[in-house]
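Dropping a structure here in structure tokens format, bear with me for questions.
The values are calculated or read from the model by the stated rules, or taken from the named source; none is laboratory data. From a predicted model like this one, the values you see are computed outputs, not experimental measurements. Because the Cβ atoms are built from the backbone with ideal geometry, glycine has one as well, and the counts that use them run over all protein chains shown.
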Amino acid sequence: MRSNNVKFKSSHVRSIQLVLSTLLVVAVFGIHRWLGVELAHAGAEEQSPAAEASERLREGTRLDAALGTFKATGDRWTFFTADGARRFCVLENLALERVERTMRENSHAVEWSISGVITEHQGVNYLLVTRAVLKTRLRQP
């Protein structure tokens, strides 16, 4: 009778451990994503809400053959337009994965021609890349 009681307790402890470890993973992932979004916007110049609103693009705006560069920002990627007028936090997808692979293989900056769709969340624009073509390899200064 005593062995059944011990068996029940050990299986109960394993279930609790599984639940707690799952909750820990979910909590860490949530904090990690939150920090990633914050890091992607780190270094942004402080602007008034009116100035930010006038510079935001509308949800669904298409970018076609926009020239620029990608830069890792925290655990996210940011696309900077060639004229320096805009930058967008890039949403993860297969096109970005291909850009990441190319960027890892090339230790120097490269210029891209990208097409994509602008999204907006909580007053911030994001870019979903639909096409990325390597244009030039920029010379190192």
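Count, please, the residues in the range 92-108 that happen to be surrounded by 16 or more Cβ atoms within 10 Å (Cβ to Cβ) and closer than 15 Å to A72 by Cβ. Give the derivation first.
Initially, the range 92-108 is screened for residues surrounded by 16 or more Cβ atoms within 10 Å (Cβ to Cβ), giving 95-96, 99, 103.
Within this subset, residues satisfying the condition of being closer than 15 Å to A72 by Cβ are 96, 99, 103.
Selection size over the range 92-108: 3.
Tell me which residues, restricted to the range 53-102, are assigned to a loop (DSSP other than H, G, I, E, B), of a type in the set (D, E, K, R) and without any contact (Cβ under 8 Å) to a residue 60 or more places away in the chain. Reasoning before the result, please.
Of the residues in the range 53-102, the ones assigned to a loop (DSSP other than H, G, I, E, B) are 56-61, 74-75, 82-86, 91-93.
From what's left, of a type in the set (D, E, K, R): 56, 58-59, 75, 83, 86, 92.
Answer for the range 53-102, where residues must be assigned to a loop (DSSP other than H, G, I, E, B), of a type in the set (D, E, K, R) and without any contact (Cβ under 8 Å) to a residue 60 or more places away in the chain: D75, D83, R86, E92.
Something else now. Quick one: which residue in L91, L127 is within 13 Å of L57 (Cβ to Cβ) and among the aliphatic types (A, V, I, L, M)? Reasoning before the result, please.
Numbers: L91 fails: within 13 Å of L57 (Cβ to Cβ).
On inspection, the qualifying residue turns out to be L127.
Taking the conditions exactly as written (over 16 Å from the mean Cα position of the chain (by Cα) and not acidic (D, E)), does I118 satisfy them or not? Show your work before the answer.
Details: over 16 Å from the mean Cα position of the chain (by Cα): no; not acidic (D, E): yes.
So I118 does not fit the description; no.
I'd like to check something: does the range 40-55 contain any residue that is modelled with pLDDT of 65 or more and out of contact with any Pro (no Cβ under 6 Å at 6 or more places or on another chain)? Give the derivation first.
Kept after step one, since they are modelled with pLDDT of 65 or more, are these residues of the range 40-55: 55.
Now narrow it down to the ones that are out of contact with any Pro (no Cβ under 6 Å at 6 or more places or on another chain): 55.
Yes, because at least one residue in the range 40-55 is modelled with pLDDT of 65 or more and out of contact with any Pro (no Cβ under 6 Å at 6 or more places or on another chain).
Taking S15, is it over 28 Å from T130 (Cβ atoms) and either modelled with pLDDT of 65 or more or surrounded by 14 or more Cβ atoms within 10 Å (Cβ to Cβ) (or both)? Full working, then the answer.
Values: over 28 Å from T130 (Cβ atoms): yes; either modelled with pLDDT of 65 or more or surrounded by 14 or more Cβ atoms within 10 Å (Cβ to Cβ) (or both): yes.
Against the criterion (over 28 Å from T130 (Cβ atoms) and either modelled with pLDDT of 65 or more or surrounded by 14 or more Cβ atoms within 10 Å (Cβ to Cβ) (or both)), S15 qualifies.
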